[in-house]
Amino acid sequence: MKTVCTQSFQETQKLGKELVKNLTPGQIICLSGELGTGKTTFVQGLLKGLKVKGPYTSPTFLIMKKYESKVKSPKSKVIYHIDAYRVKEKDILNLGWEEIITQPDNLIVVEWAKRIKKIIPKNAKWINFSWEGEKKRKIVFN
């Protein structure tokens with residue numbers, strides 16, 4: 001388990017960008033934490049690190065966004081950014097979840113993942129975001 005504290009959205013984005021070095025194709029990254037703790041900001045940094053063309057906005061009302069990575073290495077080629085804030089497991093299953101998680105080149109990032117925990121594979125990586133003060137965020141990698 002690793003814990004990092006950030007003091008600004010730039011630091012949180014940078015942390016997301018740095019995570020790219022440790023990604024493997026087929027990985028599922030689950031983000032949890034209260035509203036405003038930096039989950040979407042972190043994903044924006046991750047997408048920048050994967051050289052995905054922006055804009056990077058939260059898929060809160062779309063539920064899922066699909067991006068193509070421009071990184072020329074054995075990293076994931078397709079990135080799915082899912083926001084489970086307003087949905088249940090069956091809604092995600094109806095979007096093709098079972099197929100998405102079995103594709104070896106996909107990277108799946110799920111915000112509000114605890115809301116669909118029943119369908120998250122056991123090998124998923126969890127990152128928890130919390131407030132440590134007015135501007136300080138604590139980010140715990142499990």
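Quick check on Gln13: is it touching a Lys or Arg at 6+ places or on another chain (Cβ under 9 Å), surrounded by 21 or more Cβ atoms within 10 Å (Cβ to Cβ) and not acidic (Asp, Glu)?
Criteria met by Gln13.
Identify, please: which residue in region 50-96 is touching a helix residue (DSSP H, G or I) at 6+ places or on another chain (Cβ under 6 Å) and over 26 Å from Phe9 (Cβ atoms) and is, among those, surrounded by the fewest Cβ atoms within 10 Å (Cβ to Cβ)?
Glu89
From the list Val87, Val43, Val110, exactly one residue is closer than 23 Å to Asn128 by Cβ, of a type in the set (A, V, I, L, M) and touching a Cys at 6+ places or on another chain (Cβ under 9 Å). Which is it?
Checking each option against the conditions leaves just Val110.
Of the conditions (1) under 16 Å from the mean Cα position of the chain (by Cα); (2) assigned to a loop (DSSP other than H, G, I, E, B), Gly133 clears all except one; give me its number.
Condition (1) is where Gly133 drops out.
Which numbered condition trips up Lys77, out of (1) touching a residue at least 24 places away in the same chain (Cβ under 8 Å); (2) more than 16 Å from Thr24 (Cα to Cα); (3) among the basic types (Lys, Arg)?
All conditions pass for Lys77, except number (2).
If a residue has to be under 14 Å from Asp83 (Cβ atoms) and either of a type in the set (Gly, Ala, Ser) or outside any strand (DSSP E or B) (or both) to count, how many in region 7-35 make the cut?
3
Please list, ordered by residue number, the strands (runs of 3 or more DSSP E) wholly in region 57-123 having 1 or more residues that are at pLDDT 90 or above and in contact with a His (Cβ under 6 Å, 6 or more places away or on another chain).
Those strands (runs of 3 or more DSSP E) span 64-68, 106-111.
The values are calculated or read from the model by the stated rules, or taken from the named source; none is laboratory data. No experiment lies behind these values; they were computed from the predicted model shown. Virtual Cβ from ideal backbone geometry, glycine too; neighbours counted across all protein chains shown.
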